[in-house]
Amino acid sequence: MEIGIGIAVGLVVGLLIGYFLLKSTMDKQFRGKLQEADQKADLAIEKARLTASKTVEEAKIKADGIMAKAEGKNEKIKQKKIQEARERYAKMKTDYEDFKAKRKDELKDLEIEVKTAKAELKQKEQSLSDKQKGFSKKLNEIEQKENEIGSIRENLEKQLKIVAKKKEDLETATEKQVKVLEGIAKMTEQEAKEQLIEAIKGKAETEAMAIVKDTISEAKASANKEAKKIVIQTIQRMCAEYTIENTVSVFNLDSDDLKGQIIGREGRNIRALEAATGAEIVVDDTPEAIVISSFDPIRREVCRLALKRLVADGRIHPARIEEVVNKTRKQIEEQIREIGERTVIDLNIHGLHADLVRMVGRMRFRSSYGQNLLKHSRETANLCAVMAAELGLSAKQIKLAKRAGLLHDIGKVADEESELSHALHGMKMCEKAKEHPAVINAVGAHHDEIEMKNIISPIVQACDAISGARPGARREILESYLQRINELEEVALSHDGVVKAYAMQAGRELRVIVSAEKVSDEYADDLSFMISQKIQDEMQFPGQIKVTVIREKRAVSYAR
């Protein structure tokens with residue numbers, strides 16, 4: 001046990017001795033290294049001090065150079081600023097001198113104006129003083145005149161009193177005289193007045209009746225003579241054409257060889273042309289000519305122009321015929337508008353509505369009793385203007401009379417059908433176009449269907465009769481023929497499925513074109529029979545009428 005304790009103590013002591021020895025050795029090494037580090041630090045500090053002093057010297061030299069340059073630049077800037085200040089001072093001094101001179105001139109002008117104003121004020125004061133003196137003088141004169149008027153008024157009052165007294169005396173004397181006369185005549189004053197008035201009144205009525213009777217007799221004796229004189233003078237101043245509208249047109253050909261081309265294989269071309277235009281084409285033995293027949297001049301003209309285009313082009317087949325006919329119809333519409341515009345320009349009529357201008361153009365292709373409607377309307381318009389001038393109407397009334405004369409038959413060419421007469425329908429058209437009330441009344445009253453409300457209406461009626469009744473103007477038979485043809489077509493169009501209806505061969509044949517979708521082949525036979533029976537029951541006609549119903553089915557497609 002003791003040995004173990006001795007070993008442990010020995011070990012502890014040995015460890016302590018080793019520790020102290022190791023510590024002393026390490027302290028010596030640390031001190032050496034610390035001294036070495038101090039030396040190195042001293043060397044580095046010295047080196048840094050030398051470098052810093054050198055750098056400071058160099059910086060000082062550079063700073064001295066920069067300061068020298070800066071002082072030179074500051075001197076230049078200073079000199080420049082001084083120069084600019086001097087220039088600015090000189091300019092300000094010049095501006096001040098100019099301002100001073102200007103203010104001096106303005107001061108002089110102001111002094112002159114003040115002097116002038118003072119002179120004017122003094123002059124006005126003098127004038128006002130003179131006026132006050134004149135006013136005082138006139139005031140004195142007025143006071144004097146008032147005194148004179150007062151004296152005159154007093155004299156007048158005295159005289160009025162004297163006159164009143166004399167009047168009383170005169171009335172008293174008059175009453176005495178009246179009483180004496182009443183006693184002699186055995187009649188009061190009122191009764192005498194009444195008898196005298198009755199006598200004068202009876203005499204005046206008798207004389208007035210005699211004058212009225214003489215005036216009426218004279219007017220009746222001269223009215224017919226004056227009216228005939230005016231009508232004769234009006235007619236003499238108008239030069240009218242002797243013209244009758246025909247129902248056929250002749251289309252001349254360069255060669256008879258073209259007839260076969262127009263007829264086509266098995267007549268298909270001529271049938272297509274007749275179906276498209278509604279006109280009848282007569283190809284006979286007449287050399288180099290084809291006759292186009294139709295009661296409607298527009299259809300006839302469309303057919304003629306279409307034939308002209310087809311012959312010039314050389315391509316004549318059903319499809320081409322339809323294309324050319326449609327183009328020709330558009331051309332005719334343009335031509336109608338141009339004719340209307342040219343007519344109103346020729347007649348010097350202004351401000352006519354565009355629809356009425358178009359209707360005037362349509363008159364060119366209508367006839368009334370064989371007389372061309374446009375020529376009749378133009379003739380009536382000119383006659384109205386002349387007659388209005390003969391009657392001594394104003395320039396405005398003359399223009400309205402001419403306007404009414406041109407439009408009086410406008411109802412005959414309306415686009416839509418109407419149950420009204422052409423005069424009343426034309427009046428409605430003019431009302432729609434906002435024409436002058438005098439023109440509207442003249443159009444509606446030219447056949448006495450409404451009351452005439454102005455002087456223009458009888459003028460239009462008279463001139464319409466003059467134009468229609470002159471020799472060679474009209475032909476009664478054509479009007480009834482046109483009416484029968486129109487009725488014939490309307491009978492066919494009244495049936496369902498009918499697209500077009502054309503009267504051919506002067507009304508001896510009726511061609512009816514029906515819609516293939518609405519009318520079958522079996523119903524086409526029945527439709528032909530029904531139309532013929534209706535014509536037979538409702539119309540009067542010479543000979544017989546052939547009814548032909550045409551049903552055509554077309555299938556069209558395009559290869560692209």
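Any read-out appearing in this document is the output of simple, stated calculations on the displayed coordinates, not a laboratory observation. All figures in this text were calculated on a predicted structure; none of them were measured in a lab. Here the Cβ is made from the backbone with ideal geometry for all residues, glycine too, and neighbour counts use every protein chain on show.
Quick rundown of the values:
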| read-out | value |
| --- | --- |
| Dipole of the stretch 348-474, positive end: most advanced residue of MET452, MET427, GLN397 [Cβ charges, Cα centre] | GLN397 |
| Loop-resident sites, the stretch 489-536, for GluC sites (Glu not before Pro), counting at most 16 other Cβ within 10 Å (DSSP) | GLU517 |
| Extent along principal axes [Cα atoms of the stretch 481-560; Å; largest to smallest] | 53, 24, 18 |
| Among VAL498, LEU527, ALA559 the positive-end extreme of the charge dipole of the stretch 481-560 (Cβ point charges) | ALA559 |
| Listed peptides 78-91, 421-434 by packing density, highest first (mean Cβ within 10 Å) | 421-434, 78-91 |
| The stretch 237-346 shape via C-alpha gyration tensor axes, a/c threshold 1.5 | prolate |
| Rounded to the nearest 20 debye, dipole of the stretch 481-560 from Cβ charges on Lys, Arg, Asp, Glu | 460 debye |
